[in-house]
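Chemist: This is the structure I have questions about; it appears just below.
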Amino acid sequence: MRIGIYFAANKASGGVFEYSLTILEAFSRIKNNDYFIFSTSRDIPAKFRSLRNFHFINLFSKSREKALVVRDTISDFVAKYFPIFFKILYKLGIFELFKLLIKLSNRNIISIIMSKHLDLIFYPTTSNLSFVINVPSIVSIHDLHHRLTPWFKEASAGGRWELREYTYLNVVKNAYRILRNQK
């Protein structure tokens, strides 16, 4: 099989980074597949770049990193000064526009991933790409705190609830399998 792994965690992610490394370690023990590691992280250990059946595709770039900062800054601004904006989009069903934005802003990554003709792609961290790329996927969902603790601003304020809800509902709808963290 040709299996992709979308590695987006970095050391600052803590447990999610360790989880992602554990996934790579587990796959490294299964020798009869070809693995394509699509990494947007600078922190992926070198040992995974040199394994015979691992093909490392570096998707990290400073310009992409800066674009994500700009995107997050704009999103934070809208959330802070126009908090009702995301709620209105979500209630009206217009959040689907985000799918188009995801496709447009990630078209190069999508093209690279699609060029590998994968049988399956694994996302150790929840990713919007999982529901815009037409490859069967296994996606990890690490928490649903926007639902469990909506009173915490970091989980729900400023459109975060709506964005997380939209993301998770689309992931669940489109994924071949879901892995969830149980506590």
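Rule-based calculations on the coordinates, nothing more; no lab input. Computed from a predicted structure; not experimentally measured. With ideal geometry, Cβ positions are generated from the backbone for all residues, glycine too; neighbour counts draw on all protein chains shown.
Chemist: Grab the beta carbon distance between residue 47 and residue 80, set R0 = 35 Å, and tell me the FRET efficiency rounded to 0.05.
Modeler: Once the sixth-power term is evaluated, E becomes 0.25.
Chemist: Stretched out fully, how many nm does the piece from residue 18 to residue 179 gain, at 0.36 nm a residue minus the Cα gap?
Modeler: Length gained, residue 18 through residue 179: 56.4 nm.
Chemist: Between region 90-111 and region 114-128, what is the C-alpha centre distance in whole Å?
Modeler: After rounding, the separation between the Cα centres reads 17 Å.
Chemist: OK, next. Among rounded, prolate and oblate, which fits region 1-96 when a ≥ b ≥ c are the square roots of the eigenvalues of its C-alpha gyration tensor, a/c under 1.5 means rounded, and a/b larger than b/c means prolate?
Modeler: prolate
Chemist: Another one. Between (1) 16.9, 53; (2) 15.9, 52; (3) 18.7, 65, which matches Rg and Dmax of the Cα atoms in Å calculated for the structure shown?
Modeler: (1)
Chemist: Continuing with the same structure: Under 27 Å from the Cα of residue 91, which lysines turn up, not counting those fewer than eight places away in the same chain?
Modeler: Within reach: 80, 99, 103, 153, 173.
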